[in-house]
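Undergrad: Mind having a look at this structure? Questions to follow.
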Amino acid sequence: MRIAIASDHAAIALKSALAEWLRGEGHAVNDLGPHDESSVDYPDFGYALADAIASGEAERGIALCGSGIGISIAVNRNPACRCALVSEPLSAALAREHNDANVVAIGARLTGIDMAKACVTAFLATPFAGGRHERRVGKLSSPPTLRSTQP
């Protein structure tokens, strides 16, 4: 699978460890940075990750920052992205199964490497269930004025 990964300075170590592990698992990983611990702004890297997903350059994305919150907000500004902040594998699996999430966000200050790997494994292995979820997922990318409010 083609995976884009990005972080802020607080998540460099987790990003590097996940990228190396994913390459070892046979995935093509595009590390969008940053590449050192100099202070950076997480929106810049979240937007770059979102662009990689929206353009089709990557099939899935992994967004990392200290809490996972800021970078997930940045990624979700792009209507092509459905980024879910997760801290354990069940949430990662449900994000794929029910919400067709194409990006997962993890907080490096809150989640250790083993749990992060478990989350990413669940995220990559779980297919979208489709069915009743398709209508709901479709509404996530449409402007409110065009959305149907009917159940």
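Undergrad: Provide a single number: the residues in region 58-83 that are of a type outside the set (Val, Ile, Thr), part of a strand (DSSP E or B) and buried (at least 24 other Cβ atoms within 10 Å of the Cβ). If you could, list the steps in order and put the result at the bottom.
TA: Applying the first criterion (of a type outside the set (Val, Ile, Thr)) to region 58-83 yields 58-61, 63-68, 70, 72, 74, 76-83.
This time we only want the ones that are part of a strand (DSSP E or B), so: 60-61, 63-65, 83.
Now restrict to residues that are buried (at least 24 other Cβ atoms within 10 Å of the Cβ): 61, 63-65, 83.
Going through region 58-83 one residue at a time, the tally reaches 5.
Undergrad: Now for a separate question. Being out of contact with any Asp or Glu (no Cβ under 9 Å at 6 or more places or on another chain), of a type in the set (A, V, I, L, M), on the phi < 0 side of the Ramachandran plot and at pLDDT 95 or above narrows it down to one residue among VAL104, VAL40; which is it?
TA: Numbers: VAL40 fails: out of contact with any Asp or Glu (no Cβ under 9 Å at 6 or more places or on another chain).
On inspection, the qualifying residue turns out to be VAL104.
Undergrad: Could you grab me the full set of residues in region 109-151 that are assigned to a loop (DSSP other than H, G, I, E, B), surrounded by 13 or more Cβ atoms within 10 Å (Cβ to Cβ) and modelled with pLDDT under 95? Step through it out loud before you land on a result.
TA: Restricting attention to region 109-151, the residues satisfying the condition of being assigned to a loop (DSSP other than H, G, I, E, B) are 109-112, 126-131, 141-151.
If we keep only those that are surrounded by 13 or more Cβ atoms within 10 Å (Cβ to Cβ) as well, we get 110-111, 126, 128-129.
Result: PHE128, ALA129.
Undergrad: If you don't mind, there's one more thing I want to ask. Determine which single condition ILE106 fails, assuming it passes every other condition in (1) under 14 Å from ALA6 (Cα atoms); (2) in contact (Cβ under 8 Å) with a residue 60 or more places away in the chain; (3) in a helix (DSSP H, G or I).
TA: Of the numbered conditions (1) under 14 Å from ALA6 (Cα atoms); (2) in contact (Cβ under 8 Å) with a residue 60 or more places away in the chain; (3) in a helix (DSSP H, G or I), the odd one out for ILE106 is (3).
Undergrad: In this structure, does LEU14 turn out to be buried (at least 16 other Cβ atoms within 10 Å of the Cβ), in contact with a Leu (Cβ under 8 Å, 6 or more places away or on another chain) and of a type in the set (A, V, I, L, M, F, W, C)? Walk me through it before giving the result.
TA: Numbers: buried (at least 16 other Cβ atoms within 10 Å of the Cβ): yes; in contact with a Leu (Cβ under 8 Å, 6 or more places away or on another chain): yes; of a type in the set (A, V, I, L, M, F, W, C): yes.
Yes, satisfied.
Undergrad: Answer yes or no: is there a residue in region 24-32 that is part of a strand (DSSP E or B), in contact with a strand residue (DSSP E or B) (Cβ under 7 Å, 6 or more places away or on another chain) and surrounded by 23 or more Cβ atoms within 10 Å (Cβ to Cβ). Step through it out loud before you land on a result.
TA: Filtering region 24-32 for residues part of a strand (DSSP E or B) gives 28-31.
Checking which are in contact with a strand residue (DSSP E or B) (Cβ under 7 Å, 6 or more places away or on another chain) leaves us with 28-31.
Cutting the leftovers down to surrounded by 23 or more Cβ atoms within 10 Å (Cβ to Cβ) gives us none.
Checking region 24-32: not a single residue is part of a strand (DSSP E or B), in contact with a strand residue (DSSP E or B) (Cβ under 7 Å, 6 or more places away or on another chain) and surrounded by 23 or more Cβ atoms within 10 Å (Cβ to Cβ).
Undergrad: Next question. What do you reckon, is TYR47 at pLDDT 95 or above, over 19 Å from ARG109 (Cα atoms) and of a type in the set (Phe, Trp, Tyr)? Break it down stepwise before answering.
TA: Working: at pLDDT 95 or above: yes; over 19 Å from ARG109 (Cα atoms): yes; of a type in the set (Phe, Trp, Tyr): yes.
Spelling it out, TYR47 is indeed at pLDDT 95 or above, over 19 Å from ARG109 (Cα atoms) and of a type in the set (Phe, Trp, Tyr).
Undergrad: Let me ask you something else. Read through the list (1) closer than 25 Å to LYS139 by Cα; (2) part of a loop (DSSP other than H, G, I, E, B), then give the number of the only condition that TYR47 fails.
TA: (2)
Undergrad: A further question on this structure: Go through region 89-108 and count every residue that is of a type outside the set (A, V, I, L, M, F, W, C) and either within 19 Å of ASP8 (Cβ to Cβ) or surrounded by fewer than 16 Cβ atoms within 10 Å (Cβ to Cβ) (or both). Spell out how you get there, then give the answer.
TA: Looking only at region 89-108, we keep the residues that are of a type outside the set (A, V, I, L, M, F, W, C), and these are 89, 91, 96-100, 102, 107.
Next, only the ones that are either within 19 Å of ASP8 (Cβ to Cβ) or surrounded by fewer than 16 Cβ atoms within 10 Å (Cβ to Cβ) (or both) stay: 107.
Adding up the residues that qualify gives 1.
The values are calculated or read from the model by the stated rules, or taken from the named source; none is laboratory data. Predicted model only: the values in this text are computed from it and were never measured. When we count neighbours, we look across all protein chains shown, and the Cβ atoms used for this are built from the backbone with ideal geometry, even at glycine.
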